[in-house]
1. Among the residues in region 45-54, are any charged (D, E, K, R) and modelled with pLDDT under 80?
2. Kindly evaluate Gly57 against the criterion of being surrounded by 10 or more Cβ atoms within 10 Å (Cβ to Cβ) and modelled with pLDDT under 80.
3. Just to be sure before I move on: is Arg62 free of Cβ contacts under 8 Å to residues at least 24 places away in the same chain and of a type outside the set (A, V, I, L, M) in the structure I sent?
4. Report yes if some residue within region 40-47 is out of contact with any Phe, Trp or Tyr (no Cβ under 8 Å at 6 or more places or on another chain), touching a residue at least 40 places away in the same chain (Cβ under 8 Å) and either buried (at least 16 other Cβ atoms within 10 Å of the Cβ) or assigned to a helix (DSSP H, G or I) (or both); otherwise report no.
5. Looking at region 60-83 only, could you name the residues that are surrounded by 13 or more Cβ atoms within 10 Å (Cβ to Cβ) and either of a type in the set (S, T, N, Q) or in contact with a strand residue (DSSP E or B) (Cβ under 8 Å, 6 or more places away or on another chain) (or both)?
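The values are calculated or read from the model by the stated rules, or taken from the named source; none is laboratory data. Everything numeric in this text was worked out from a predicted model, so none of it was measured. We place every Cβ from the backbone using ideal geometry, glycine too, and count neighbours over all the protein chains shown.
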Amino acid sequence: MLEALLDNNYDIAHDYGPADYDADVADLRMSQSVACKFGATDPVREASWIQRCADSGAGPARFVAGVDLTSDSVGEVLARYRDLPTGGRRRP
């Protein structure tokens, strides 16, 4: 969908960390959030970063992962996602 809206979605890309997010939602009442994979060259590495943010209390409770289902390494990638607590296990 985004490719249809922008010629190059990387033109709008910039660093956006937990502090930026906290500032953007400071006036909202939120109990949990979800991160969505978008544009990372290594989506599992991005998910690992999201996991570290969640572990520190500064990140989302869950994430929406991305994987190329036609890739020869789809099983390995899915296993890497599964092993991240926010990706494969429910938290109390």
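1. Here is the first cut: in region 45-54, the ones charged (D, E, K, R) are 45-46, 52.
Still in the list and also modelled with pLDDT under 80: none.
No, the conditions are met nowhere in region 45-54.
2. On the way: surrounded by 10 or more Cβ atoms within 10 Å (Cβ to Cβ): no; modelled with pLDDT under 80: yes.
So Gly57 does not fit the description; no.
3. Details: free of Cβ contacts under 8 Å to residues at least 24 places away in the same chain: no; of a type outside the set (A, V, I, L, M): yes.
In short, no.
4. In the first step, residues of region 40-47 are kept if they are out of contact with any Phe, Trp or Tyr (no Cβ under 8 Å at 6 or more places or on another chain); the result is 40-43, 45-46.
Still in the list and also touching a residue at least 40 places away in the same chain (Cβ under 8 Å): none.
Scanning region 40-47 turns up no residue that is out of contact with any Phe, Trp or Tyr (no Cβ under 8 Å at 6 or more places or on another chain), touching a residue at least 40 places away in the same chain (Cβ under 8 Å) and either buried (at least 16 other Cβ atoms within 10 Å of the Cβ) or assigned to a helix (DSSP H, G or I) (or both).
5. If the condition is that a residue be surrounded by 13 or more Cβ atoms within 10 Å (Cβ to Cβ) and either of a type in the set (S, T, N, Q) or in contact with a strand residue (DSSP E or B) (Cβ under 8 Å, 6 or more places away or on another chain) (or both), then Pro60, Ala61, Arg62, Phe63 are the ones that fit.
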